[in-house]
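Working notes, beginning with the structure itself.
The values are calculated or read from the model by the stated rules, or taken from the named source; none is laboratory data. Keep in mind that what you see is a predicted model, and the values were worked out from it rather than measured. Cβ: placed from backbone, ideal geometry, glycine included. Neighbour counts: every protein chain shown. Heavy atoms of the whole protein, side chains included, go into the accessibility calculation; ligands, DNA and RNA do not. Shrake-Rupley method; radii C 1.70, N 1.55, O 1.52, S 1.80 Å.
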Amino acid sequence: MTFPAPLRTTAALAPVLAALAGCAAQPAKPDDASPRSSSGDKTAVAQVNPLLAPWSGPWGGVPPFGRFTPADLKPALEAAMAENLAEIDRIAAEPAPPTFDDTIAAMERAGHTLDRVTTAYGVYTSTMNDAEVQGIQREMSPKLAELNDRIFQNAKLFARIAAVYAARDRMKLTPEQQRLLWLDYTTFVRAGAKLDAAAKARLAELNQRLAGLYTKFSQNVLAEEDSQMVLLKAEADLAGLPEAVRDGAASAAADRGKQGQWAVVNTRSSVDPFLTYSTRRDLREKVWRMFVMRGDNGDAHDNNQTLAEILKLRAARAKLLGYPTHAHWRLEDSMAKTPERAVALMEAVWKPAVARVHEEVADMQAIADREKAGIRIAPWDYRFYAEKVRKAKYDLDQNDVKPYLMLDKLREGMFWVAGELFGLRFSPVAEGTVPVYHPDVRVWEVTDAQGKHVGLWYFDPYARPGKSSGAWMNEYQRQSRLEGEVPVIVSNNANFVRGKPGEPILISWDDARTLFHEFGHALHGLNSSVTYPSLAGTSVARDYVEFPSQLLEQWLSTRPVLDRFALHYQTGKPIPAELVQKIERSKTFNQGFATVEYLASALVDMKLHLAGDAPIDPRRFEKETLAALGMPSELVMRHRTPQFLHVFAGDGYSAGYYSYLWSDTLSADAWEAFLEQGGPYDKAVAKRLRDNVFSAGNTVDPADGYRAFRGREPGIAALMRKRGFPVPASAAAPDRQDSPGGGR
Ligand SMILES: [Zn+2]
């Protein structure tokens with residue numbers, strides 16, 4: 001699971017951004033990109049905001065990191081928004097009768113400047129978010145929402161779109177053009193284009209207030225993640241911690257001016273290892289409480305009121321737009337289509353997952369009893385005792401695996417997989433060729449099997465203050481062919497804890513999986529082959545976008561990757577076959593925990609957004625919903641409500657956290673397509689995967705794309721097998737025509 005902040009923007013707001021910005025970033029023609037640059041006058045050029053200029057540099061231009069300061073963001077956004085509005089007004093005021101080209105394609109050709117500026121803005125708000133950037137974000141996020149509404153509510157523009165849509169059968173459109181037209185039309189309608197003037201004004205007001213609240217919500221979480229920590233002052237506080245975890249805690253303390261001490265900071269990458277290894281139950285409880293209480297401390301950063309307000313405004317907006325609830329509105333353009341289908345899938349998995357948790361807890365309690373620990377398993381014990389069970393049951397110690405998981409080697413491993421599956425090659429770009437926003441960031445050039453340039457891949461691997469927690473992918477420039485070939489620029493971001501200087505970074509098996517996951521998103525962007533930029537890469541339905549990334553995780557544990565890239569950091573020897581077998585055998589270990597902590601969050605998210613306009617007390621709602629579900633007391637939601645960034649830092653994954661399970665149904669089923677044929681590296685299956693999924697973007701309906709790849713509908717049997725849960729009899733027949741969640 002990941003925290004896909006900027007992917008959230010790319011994936012979920014793609015139609016919005018498409019309409020707002022016309023399309024993905026693309027080097028604009030110099031004459032229309034910068035209103036002041038045509039004179040050649042040196043003073044005028046010096047006054048040009050570097051963010052407004054077309055991207056320069058190699059490969060058709062790269063983001064101008066290092067050439068602007070955060071202070072340039074606001075004026076650049078304002079100028080780019082004004083330019084975009086003027087472009088949209090020109091399209092709307094076109095005197096000729098509307099055609100596909102002068103309306104739909106014209107919107108795709110507009111907004112390039114704004115796209116470039118929002119790319120820089122997105123990088124700074126997600127990875128360099130200091131007090132200055134936060135101030136800019138607070139001011140600008142409602143203005144960006146306002147711009148959105150001004151475009152969606154432009155009656156002349158919508159009349160043209162609607163006219164083209166009404167005439168669609170008489171025009172000779174390609175399937176991609178038909179899809180784009182349908183998406184534009186439905187996106188405008190869903191965003192209120194058909195409302196009367198009073199309702200439009202009310203909607204715009206709701207959207208701007210929501211944008212402000214989303215920023216407030218995320219800045220509150222970031223504040224607690226950045227500032228809170230549990231300081232360990234004595235050797236005895238470190239009991240049980242492996243050396244790498246100690247080293248990470250030491251450098252985290254040093255970064256915060258606490259030399260000679262150790263800090264468990266309030267982020268998952270710091271907290272989880274501590275909870276896994278510390279033998280100090282008192283400190284585990286302290287660290288656990290700090291982490292699960294983010295945004296819920298009754299202080300200046302408490303998010304309860306903010307999120308209650310968000311829910312109220314979302315419910316009002318859904319009503320205004322003619323939907324029973326926010327969930328119904330959000331799900332309409334997803335693959336699941338209705339909240340009922342999403343809930344049915346979650347409920348089908350919930351019971352077996354809870355049953356597995358009870359088994360896992362019984363195993364852990366047995367060990368605690370044998371050790372005469374005199375405790376009942378509590379949430380801060382789960383990870384710790386799970387490790388003991390792993391050792392007892394599978395003779396597998398995570399610490400035996402970690403020395404083979406060097407970040408740099410695994411990165412080479414994923415490059416190799418991309419070569420085997422898709423023919424892509426990655427070569428490092430010489431330092432200084434492409435500017436970066438932080439010295440940690442490195443850049444690779446991506447080429448295809450014929451050596452043709454495909455794009456660039458930026459990698460920002462390490463945690464630092466001001467960077468969102470978790471891992472995500474970000475698309476700086478989407479592929480397109482509308483105005484000549486535009487190459488892809490994507491980035492992967494993570495929060496690995498840096499160890500001692502000069503030593504290789506060793507990561508956990510889970511982190512290695514996350515690395516492959518995010519790389520899957522990057523490959524979804526890099527393989528894109530479409531004409532229209534707003535249909536490119538990861539601009540697909542929210543509950544489909546995690547499918548390529550979850551699928552790619554599977555290649556980590558394939559033999560060639562482990563044999564060639566999981567090398568011991570001291571001896572260089574490949575991971576022993578015996579250890580690989582143990583990993584293989586323990587594949588479904590702890591799936592009760594992983595599934596229930598995720599599903600509890602997904603179900604609470606959905607139920608919050610199905611509640612309509614009833615006023616919500618978040619603490620009570622969470623408690624009562626979990627009690628009604630029969631939530632086991634030994635664990636908590638992966639994201640408790642007051643810190644649930646997926647859901648409250650934007651609309652993106654609201655009523656949409658179920659998407660990971662929906663997508664995993666597809667990814668489990670798709671993996672079996674490889675296993676049924678020649679295995680993970682079967683060239684024919686890989687080609688079908690690229691042709692119908694990785695390169696297709698949003699040019700086809702995802703259900704059709706999947707069927708074309710698989711030759712049939714997906715079912716949930718593969719998902720249940722992947723997680724080690726019993727396969728329900730109704731799902732066992734391989735030819736059963738069920739879609740995920742269908743009917744259960
Ligand atoms: Zn993801």
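Overview of results
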| quantity | calculated |
| --- | --- |
| Probe 1.4 Å, accessible area per residue of the range 524-567, Å² | 16 Å² |
| Pairs from K172/K683; K286/K393; K393/K623; K452/K573; K286/K623; K258/K500 whose Cα-Cα separation, in the structure shown, is over 24 Å | K172/K683; K286/K393; K393/K623; K452/K573 |
| Prolate/oblate/rounded call for the chain, Cα gyration tensor, a/c under 1.5 rounded | rounded |
| With DNA, RNA and ligands ignored, accessible area of I616 (1.4 Å probe; Å², nearest 10) | 30 Å² |
| Proximal lysines to K388, defined as alpha-carbon separation beneath 18 angstrom and excluding residues fewer than eight positions away on the same chain | K372, K402, K582, K587 |
| Where D511, D448 fall by accessible area, highest first, once all protein chains stay in place (1.4 Å) | D511, D448 |
| Cα gyration tensor of the range 285-396 - equivalent ellipsoid semi-axes, whole Å, descending | 40, 23, 10 |
| Whole-number percent relative contact order across the range 585-657, with pairs defined as alpha carbons under 8 Å at least 6 apart | 45 percent |
| Ranking by accessible area, most exposed first, for M293, M128 with a 1.4 Å probe | M293, M128 |
| Cα centroid of the range 677-712 to Cα centroid of the range 50-120, whole Å | 33 Å |
| Assigned charges on the beta-carbon of Lys, Arg, Asp, Glu; the chain dipole about Cα centre (debye) | 720 debye |
| Contour minus Cα-Cα distance for M128 and E347 (0.36 nm per residue) | 74.9 nm |
| Accessible surface, 1.4 Å probe, highest first, among residues Y660, Y121 | Y121, Y660 |
| Helical segments meeting 15 Å axial Cα length and Kyte-Doolittle 0.5 threshold in the chain (DSSP H) | 155-166, 591-610 |
| Loop-exposed GluC sites (Glu not before Pro) per DSSP, neighbour cap 15 Cβ within 10 angstrom, longest uninterrupted part of the chain | 1-331 |
| Apportionment of accessible area to carbon and sulfur, the chain, percent (1.4 Å) | 53 percent |
| Label point 7 Å beyond Cα of E624 along Cβ direction - residues of the range 297-329 with amide nitrogen under 11 Å | none |
| Potential extension, E205-S227 segment - 0.36 nm per residue separation minus Cα distance | 4.6 nm |
| Accessible-area value, D255, 1.4 Å probe, nucleic acids and ligands omitted, Å² | 120 Å² |
| Added length on full extension, which subtracts the Cα-Cα distance from 0.36 nm per residue, R90 to E371 | 93.6 nm |
| Relative contact order (%) - the chain, alpha-carbon pairs under 8 angstrom, separation at least six | 17 percent |
| Euclidean distance between Cα centres, the range 418-461 to the range 319-370, Å | 38 Å |
